[in-house]
Amino acid sequence: MSDPDFDPPIYLGDFANEEGDDVCLEQQYTTKQYTVNNITLDIREYAYSPTNAGFVWPATYILCKWVEENITQLQNKRIFELGSGTGVLSIFTKKLGLDVTSSDIDTEEVTNNILYNYSLNSVVVPHIPHTWGTPFTNTPNYDVILASDIILYVNQYDNLLTTLRALMLPQKDKCYLLMCYKRKPYDEKLFFVKLVDFGFSCENLGRKLFKITLIA
């Protein structure tokens, strides 16, 4: 399966000009059609995103393929997507008839765009706005966690792993994370070192796919 064409996001930091004043930029939205494993999805993306949550990224397609290939073992499982971005993986997973809940950083812009895409594709998916490193309002209870391209921000590794522990601890004996990344951070090895420090075990499945479990 080849990845559909996608445009890189525009990251403008704090949107400051040479004088140090804030520059007000009007958000730019574009709706595209993506065909993922013969399922056509309408996805609204947006241009200006400090978290890069406004675009569909290539690791998503690898995870979609994995979900479809492993649909039998995912039936009757509670699935949680961490770092949903535009919501495309959760939409695809829901259209396969699976039980999925999405989550991404607790900002109005990210949340509203995810919910907009759910409406655009006529799916109902529970969504939990959650910023890594902060407590969950309710105790998580999931069997499988899916995540694509979540390790780009090296300075967020501790917060990310804190959130992963909170997600997996209630179902420690059976919950696992299936993670894929194709956007390479400048220090990806640090993530896997910290995984061990936070009590996780990691299995490399190939194709930049990793199965992560909590063992301590």
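Scanning the stretch 103-112 for residues that are of a type outside the set (S, T, N, Q) and not in a loop (DSSP other than H, G, I, E, B) yields a count of 4. Taking the stretch 132-171 as the range and being in a helix (DSSP H, G or I) and of a type in the set (Asp, Glu) as the test, only Asp158 passes. The set of residues from the stretch 106-117 being within 19 Å of Tyr29 (Cα to Cα) and open to solvent by 10 Å² or more (accessible area, probe 1.4 Å) comprises Thr107, Glu108, Glu109, Thr111, Asn112, Leu115, Tyr116.
Do we have any residue at all in the stretch 144-151 that's among the aliphatic types (A, V, I, L, M), open to solvent by less than 20 Å² (accessible area, probe 1.4 Å) and without any contact (Cβ under 8 Å) to a residue 40 or more places away in the chain? Within the stretch 144-151, not a single residue is among the aliphatic types (A, V, I, L, M), open to solvent by less than 20 Å² (accessible area, probe 1.4 Å) and without any contact (Cβ under 8 Å) to a residue 40 or more places away in the chain. Using the structure shown, decide if Val154 is open to solvent by 60 Å² or more (accessible area, probe 1.4 Å), over 16 Å from Phe80 (Cβ atoms) and free of Cβ contacts under 8 Å to residues at least 40 places away in the same chain. No. Looking only at residues in the stretch 118-127 that are surrounded by 16 or more Cβ atoms within 10 Å (Cβ to Cβ) and either β-branched (Val, Ile, Thr) or without any contact (Cβ under 8 Å) to a residue 60 or more places away in the chain (or both), the one that is nearest to Pro140 (Cα to Cα) is His127. Of the helices (runs of 4 or more DSSP H) contained entirely in the stretch 34-102, those carrying at least 2 residues that are open to solvent by 10 Å² or more (accessible area, probe 1.4 Å), within 16 Å of Val144 (Cα to Cα) and at pLDDT 95 or above fall at 59-69, 71-74.
The values are calculated or read from the model by the stated rules, or taken from the named source; none is laboratory data. It should be emphasised that the depicted structure is a prediction, and the values quoted were computed from it without experimental measurement. So basically every Cβ, Gly included, is an ideal-geometry build from the backbone, and we count neighbours across all protein chains shown. These area figures cover heavy atoms from the full protein model, side chains too; ligands, DNA and RNA do not enter into them. Shrake-Rupley method; radii C 1.70, N 1.55, O 1.52, S 1.80 Å.
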